[in-house]
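The values are calculated or read from the model by the stated rules, or taken from the named source; none is laboratory data. Note that the coordinates shown come from a computational prediction; the quantities given were computed from them, not determined experimentally. So basically every Cβ, Gly included, is an ideal-geometry build from the backbone, and we count neighbours across all protein chains shown.
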Amino acid sequence: MASTDPTQTPILPPPPGLTTNFVNPPTLMPAVIVGTTIIHLFTLPFILARAYVNAYVMKACCIEDYLSYISYVGCITYTAAIVHAETVGMARHMWDISMVTFTEISYICNIVFVCYTATSGLAKTVVFLQLKKIFTTRFRGVVFWVIVGSLIANALFYTAMFFLYVFTCWPREKIWKPSIEGKCIDSNKLNMAMGTLNVISDVEAFVVPVWAIWKLSMKLQRKIAVLAIFGVGAIAVAIGCVGLYYRVILLQQSDFSWLLTQAGLICMAELAIVIIVGCCPYVPRVKNHLRPSSTPESYENSKRTPVPLKQRSKFYHLEKYLDTNASVSNLGSSVSEEHLELHQYCETKSKYRPKGFGGDDRVIMRTTHVEQSVS
């Protein structure tokens with residue numbers, strides 16, 4: 001006679017030839033530990049690069065910077081929740097999980113889904129806000145409206161999915177205790193919708209900058225250089241497709257916990273890649289700032305060869321992220337490049353200034369000081 005004790009009753013009967021093992025069952029826990037460690041070790045340097053630029057180059061934070069840091073904290077929270085679920089028993093096969101343990105796992109999994117949705121939405125918002133800053137000007141063209149439309153669509157989608165996961169069942173307790181009276185949304189359809197629209201969002205975040213860059217009137221070599229910064233988004237698309245595949249498999253297989261563990265790692269990797277995409281434009285700026293500057297440290301103690309005033313390139317917002325332009329290597333200087341150019345321009349003009357009254361060289365010099373924060 002089968003046991004009726006929920007602590008000794010598996011969620012599913014074992015397949016033929018296998019037996020239930022609650023003591024020392026096969027587990028994916030080692031893979032979870034290794035995968036989680038690699039993902040976060042790979043993500044951390046990009047977050048540190050962003051923090052370095054905010055602290056030492058820009059010396060300020062924008063809204064997308066704050067959202068990026070919040071999304072990284074959300075990624076850590078998601079990781080902690082999923083590792084806790086695996087520790088409780090989700091890394092096992094369904095026939096090695098007791099009914100009592102599965103109730104606790106279901107509760108933690110709902111937290112994981114909610115955390116993933118909120119964090120992914122914030123990370124995608126960071127990406128589109130940065131695209132808006134880099135690729136749009138005061139003239140609101142097609143690129144501007146495409147990016148703004150994408151930003152709004154993603155905000156609405158992830159907000160809706162967040163509340164759908166929070167209120168998958170009403171009362172909420174029915175999510176992890178199916179025996180309670182109440183109503184629930186079909187979680188399988190919800191997960192499929194999340195996976196499908198998530199892939200669409202990843203494709204959108206990758207295609208929009210590629211399209212915007214390709215429309216620019218610049219050399220192919222420089223287009224490729226800029227595309228390399230945003231090319232990491234292609235990895236997010238690939239990982240998102242793999243995650244969607246696992247969501248489809250989850251609908252067809254009964255070993256829910258074993259497959260969900262693998263899907264959880266894939267979602268973690270996708271989330272990390274989106275955060276990295278948002279930080280990639282900051283990496284060249286760190287390199288430029290750390291590279292020895294060719295500009296003398298002081299105006300007063302040096303003489304410069306007169307240089308004609310340069311006109312800012314229309315690709316200035318892109319050139320800040322390229323390593324090929326040495327003129328932007330001094331972004332971290334306390335004096336802006338525009339100030340340097342104006343100083344050089346004044347020196348050049350003074351050489352051709354007419355002599356003062358009385359035939360001597362006495363002239364009245366007027367110095368214009370320009371301060372501009374480079375962001």
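The rows are residues; the columns are (1) over 25 Å from the mean Cα position of the chain (by Cα); (2) crowded, with 20+ Cβ neighbours inside 10 Å; (3) acidic (Asp, Glu).
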| position | (1), (2), (3) |
| --- | --- |
| Val23 | yes, no, no |
| Ala31 | no, no, no |
| Ile38 | no, no, no |
| His84 | no, no, no |
| Arg92 | yes, yes, no |
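Would the stretch 52-67 turn up any residue that is surrounded by 13 or more Cβ atoms within 10 Å (Cβ to Cβ), under 13 Å from Thr261 (Cβ atoms) and of a type in the set (Lys, Arg)? Within the stretch 52-67, not a single residue is surrounded by 13 or more Cβ atoms within 10 Å (Cβ to Cβ), under 13 Å from Thr261 (Cβ atoms) and of a type in the set (Lys, Arg). Is it true that Arg222 is at pLDDT below 90, in a loop (DSSP other than H, G, I, E, B) and either within 28 Å of Ile39 (Cβ to Cβ) or in the same structural domain as Thr103 (by TED's automatic domain parsing) (or both)? Answer is no for this residue. Among the residues making up the stretch 200-244, those that are among the β-branched types (Val, Ile, Thr), more than 15 Å from the chain's Cα centre (by Cα) and within 20 Å of Val146 (Cα to Cα) are Ile200, Val207, Val208, Val210, Ile213, Val226.
Are any of the residues in the stretch 228-248 within 30 Å of Pro30 (Cα to Cα) and not in a helix (DSSP H, G or I)?
yes
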